[in-house]
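Please read the structure below before turning to the comments.
No value in this document is a laboratory result; all are computed from the given coordinates. Just so you know, these numbers come straight off a predicted model, no measurement behind them. Because the Cβ atoms are built from the backbone with ideal geometry, glycine has one as well, and the counts that use them run over all protein chains shown.
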Amino acid sequence: MIFNDTFKHHGKRKLLVEELKRKLITDLHVLDAIEFIPRHFFMDNAFTEYAYQDKAFPIEAGQTISQPYTVAFQTQLLEIKKGEKVLEIGTGSGYQTSVLCKMGARVFSIERHKVLNSRAQKSAFSPKYAPQTFFGDGFMGLETHAPYDKIIVTCGAPFIPQELVKQLKTYGKMVVPVGSDVQVMKLVYKQNDTDIQVVDHDKFKFVPMLENKVP
Ligand code: SAH
């Protein structure tokens, strides 16, 4: 990992933000966070040179750091406000987690790969933006800190996990990509304890959300 943020990196981030604007990301808080967070801090050395390309890259444990557009799209759908409690499923590199922290959310993030969970705990990019990270199965959510204003699932789920809907506040929102090979980005609004409203957005490609197989 390279923890050196230069003018050159900042310049590349500005270009990335311009690219995301062209791709119709309009939430200024999301764009500010992407301009601020050094994505190269969250990537293996072999790829840091490409950190500001709008692409996903491999990280440890056969997983990926999400494409910046995907991070921006999911975050924009959630309309994050300062102080909101957000649960993330799939900490991975910790990049999405840091974007949420920078936006002022109180972030709880779960990861099923021990190696990624430990790294995220050590490499929070600044104590000011430190999330609370947990090792476990995202299908179970994190009941101890529930309910959440917002939930973001960053792996491809086979269905909308009911336990997560339960842990969402009434009028809360969850963004979850659902499908096997390709996933439809679903925005779930919780209307009350029994009713949800689901809006389908574009298709994306995520690594799978794996059930009951914490390695
Ligand atoms: N937000 C991450 C995306 C990482 S890829 C980033 O920006 O880097 C998705 C992550 O979800 C992987 O690290 C994978 O191990 C994790 N994952 C898959 N199924 C899971 C589950 N059931 N519970 C928790 N994490 C899971």
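Restricting attention to the stretch 137-205, which chymotrypsin sites (Phe, Trp or Tyr not before Pro) occupy a DSSP loop and are surrounded by at most 15 other Cβ atoms within 10 Å?
Answer by residue number: Phe159.
To the nearest 500 deg cm²/dmol, what mean residue ellipticity at 222 nm is calculated for the chain from DSSP H runs of n ≥ 4 alone, each contributing -39,500 (n - 2.57), summed and divided by the residues?
When only DSSP H runs of four or more count, the value is -8000 deg cm²/dmol.
Between Thr194, Thr70, Thr91, find the one with the highest GNM mean-square fluctuation for the chain; connect C-alpha pairs within less than 10 Å.
Looking only at Thr194, Thr70, Thr91, the largest GNM fluctuation is found for Thr194.
Provide Asp32, Asp27, Asp202 in ascending order of the number of other Cβ atoms located within 10 Å of each residue's Cβ, fewest first.
Final ranking by Cβ density, sparse to dense: Asp202, Asp32, Asp27.
Which residue, Leu100, Leu168, Leu77, has the most motion in a Gaussian network model of the chain that connects Cα atoms within less than 10 Å?
It is Leu77.
Between Val184 and Phe3, what FRET efficiency follows from the Cβ-Cβ distance if R0 is 41 Å, with the result rounded to 0.05?
0.65
Cross-link partners among aspartates and glutamates for Lys186, C-alpha distance below 13 Å, same-chain residues fewer than 8 apart left out?
Reachable aspartates and glutamates: Asp200, Asp202.
Any idea what the dipole of the chain comes to, in debye rounded to 20, about its Cα centre with Lys/Arg Cβ at +1 and Asp/Glu Cβ at -1?
Result for the chain is approximately 440 debye, rounded to the nearest 20.
Restricting to Cα pairs below 8 Å that are 6+ residues apart, what does the relative contact order work out to for the chain? Please round to a whole percent.
In percent, rounded to a whole number, it is 15.
In whole Hz, with x marking every Gly and Pro, tabulate ³J(HN,Hα) for the stretch 78-94 from phi via Karplus 6.51 cos²θ - 1.76 cosθ + 1.60, θ = phi - 60°.
So the J values, rounded to whole Hz, are 7, 6, 5, 10, 3, x, 5, 8, 10, 9, 10, 9, x, 4, x, 6, x.
So, R0 is 25 Å and r is the distance between the beta-carbons of Glu35 and Lys55; what FRET efficiency does that work out to, to 0.05?
Plugging the Cβ-Cβ distance into 1/(1 + (r/R0)^6) gives 0.90.
Where does each of Arg112, Arg119 land when they are ranked from fewest to most other beta-carbon atoms within 10 angstrom?
Ascending Cβ contact count within 10 Å gives the list Arg119, Arg112.
Please name whichever of Gly136, Val115, Gln63 sits farthest to the positive end of the charge dipole of the stretch 55-204, dipole taken about the Cα centre and charges placed at Cβ: Lys and Arg +1, Asp and Glu -1.
Value: Val115.
Order by neighbour count: His113, His29, fewest other Cβ atoms within 10 Å first, most last.
His29, His113
Which residue, Gln183, Gln74, Gln197, tops the fluctuation ranking in a GNM of the chain built on C-alpha contacts under 10 Å?
Looking only at Gln183, Gln74, Gln197, the largest GNM fluctuation is found for Gln197.
Taking 0.36 nm per residue of sequence separation and subtracting the Cα-Cα distance, how much length would be gained by fully extending the chain between Gln132 and Asn192, in nm to one decimal?
Gain in length upon complete extension: 18.9 nm.
Using the Cβ atoms and a cut-off under 13 Å, what net charge is assigned to the surroundings of Asn192, where Lys and Arg are +1 and Asp and Glu are -1?
Combined, the nearby Lys, Arg, Asp and Glu give +1.
Among rounded, prolate and oblate, which fits the stretch 61-215 when a ≥ b ≥ c are the square roots of the eigenvalues of its C-alpha gyration tensor, a/c under 1.5 means rounded, and a/b larger than b/c means prolate?
Taking the square roots of the gyration eigenvalues as a ≥ b ≥ c, the stretch 61-215 is rounded.
Amide H neighbours of Glu84 under 5 Å, counting only residues 5+ apart in sequence or on other chains, H built in-plane at 1.01 Å?
Sorted by chain and number, the residues that satisfy this are Arg106.
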